[in-house]
Amino acid sequence: MPFLTISHISKTFDATPVLHDISLDVVRGEIVCLLGPSGCGKTTLLRIIAGLERPDRGKILLAGEDITPVPSHKRDFGLMFQDYALFPHMTAGENIAFGLKMHGWTQQQIEERVTELLALVDLAGYEARPVYELSGGQQQRVALARSLAPNPRLLMLDEPLGALDRTLRDQLLVELRSILKQLGQTAVYVTHDQMEAFAVADRVALMRAGRIEQVGTPEALYLRPVSPFAARFLGMSNILAGTIVSLAPPLIDTPVGRLQPAALPAGLRPGDAVQLVIRPEGARVAREHLSGPNHLTLTLVNRSFRGAHTLIQLAGPGATLAFEIPGLGCTARPGQSLHVVIGPEAIVVFDN
């Protein structure tokens, strides 16, 4: 049985539908991320799970129990937000202890729990440190410790790292996932950043306009997006229109040349119009043009060295493509012709 069941949830605000028949299961100890652009409904869904909003239709079940009518303060859930919401006049230890006092823990239990959690978030010895003296990353660790302190049945995180710079965010993502997995904490995590979702989640639910577009592991979403929207949101810009030429082998004519994907969706026939995406890591530079599918000769528009890879932009008839070439794998200059070979497994085809 799933630990958390979101069953056919719908919600409307001021006659505007925000959520449309959302269903999703979360197993115990799993980290599930609600990913999507601003306005897609992910925070509204989180608030409904928390009990801060009531759905117009549908139910929220926890371990098989319908908790839809249960007030938020009686659900024993933890909440962590982007703005930390720490008490500035308290120390780190007092912030963590605050909720435990509300739950009736003894002073000894509180002290032991505060010490345990500060060690867990790599802030051992910071009990007496005023929170205004802490860095943004340290404050976020205190906020995490405070949300974990009462042993919540479910932890909900709404853009928890959004206020941090990219370097610190990347560091805390690794630590956050490690802490949650170490505790076996079931969590629902909201973000608009696909790399953040991939780093922290066991599964990702990609949302679009109040609906779930795709659910799967980060690897599954990236390797097999189900729609052009999913591909674009996951950072893939190489989306082309094409026409099926044959099914065996699978061949597609596109504006930049003939392509051969590893597979086609079921039910397609020669002559059918399709859309396809080429993942950015799916090309390699060749010394010369070879005949056959997946061998393209395009014009280099721009080359940008990014350290671990070089980003190249290529122009062809009616389309511009961008690829990430490992290291210094491209030394051509803008305006030159470039021969590239596309890996069949990097081509994902969508049925129009």
So in the stretch 179-203, with the set limited to residues that are farther than 19 Å from Phe233 by Cβ and surrounded by fewer than 19 Cβ atoms within 10 Å (Cβ to Cβ), which one is nearest to the chain's Cα centre (by Cα)?
Asp202
Can you find a residue in the stretch 233-240 that is free of Cβ contacts under 8 Å to residues at least 12 places away in the same chain and under 15 Å from the mean Cα position of the chain (by Cα)?
no
With respect to Lys101, determine if the residue is surrounded by fewer than 20 Cβ atoms within 10 Å (Cβ to Cβ), charged (D, E, K, R) and either outside the structural domain of Gln182 (by TED's automatic domain parsing) or assigned to a helix (DSSP H, G or I) (or both).
yes
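Here is a yes/no grid of residues against (1) touching a Phe, Trp or Tyr at 6+ places or on another chain (Cβ under 9 Å); (2) under 24 Å from Leu120 (Cβ atoms); (3) not polar (S, T, N, Q):
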residue	(1), (2), (3)
Leu154	yes, yes, yes
Leu168	no, yes, yes
Gly184	no, yes, yes
Val200	yes, yes, yes
Val215	no, no, yes
Met236	yes, no, yes
Please work out if Ala128 is exposed (fewer than 13 other Cβ atoms within 10 Å of the Cβ) and in the same structural domain as Ala145 (by TED's automatic domain parsing).
yes
Among the residues of the stretch 1-21, which ones are buried (at least 22 other Cβ atoms within 10 Å of the Cβ) and either on the phi > 0 side of the Ramachandran plot or touching a Gly at 6+ places or on another chain (Cβ under 7 Å) (or both)?
Ile9, Leu19
Residue satisfying all of: in the stretch 148-172; surrounded by fewer than 16 Cβ atoms within 10 Å (Cβ to Cβ) and assigned to a loop (DSSP other than H, G, I, E, B); nearest to the chain's Cα centre (by Cα) among these
Gly162
The one condition in (1) at pLDDT below 90; (2) over 14 Å from the mean Cα position of the chain (by Cα); (3) buried (at least 24 other Cβ atoms within 10 Å of the Cβ) that Ala145 fails to fulfil:
(1)
Restricting to the stretch 1-55, count the residues that are outside any loop (DSSP other than H, G, I, E, B) and either more than 24 Å from Leu221 (Cα to Cα) or not acidic (Asp, Glu) (or both).
33
Please specify each residue of the stretch 318-350 satisfying the condition of being closer than 20 Å to Ile252 by Cβ, at pLDDT below 95 and assigned to a loop (DSSP other than H, G, I, E, B).
Gly318
May I ask you to say which residue of Leu35, Leu24, Leu61, Leu46 is of a type outside the set (D, E, K, R), modelled with pLDDT of 95 or more and surrounded by fewer than 18 Cβ atoms within 10 Å (Cβ to Cβ)?
Leu61
Would you mention how many residues in the stretch 173-212 are small (Gly, Ala, Ser), out of contact with any Asp or Glu (no Cβ under 9 Å at 6 or more places or on another chain) and not in a loop (DSSP other than H, G, I, E, B)?
2
For Arg169, state whether it is in contact with a Leu (Cβ under 8 Å, 6 or more places away or on another chain) and under 22 Å from Gly93 (Cβ atoms).
no
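The values are calculated or read from the model by the stated rules, or taken from the named source; none is laboratory data. Note that the coordinates shown come from a computational prediction; the quantities given were computed from them, not determined experimentally. Cβ coordinates were reconstructed from backbone atoms using ideal geometry, including for glycine residues, and neighbour counts include every protein chain displayed.
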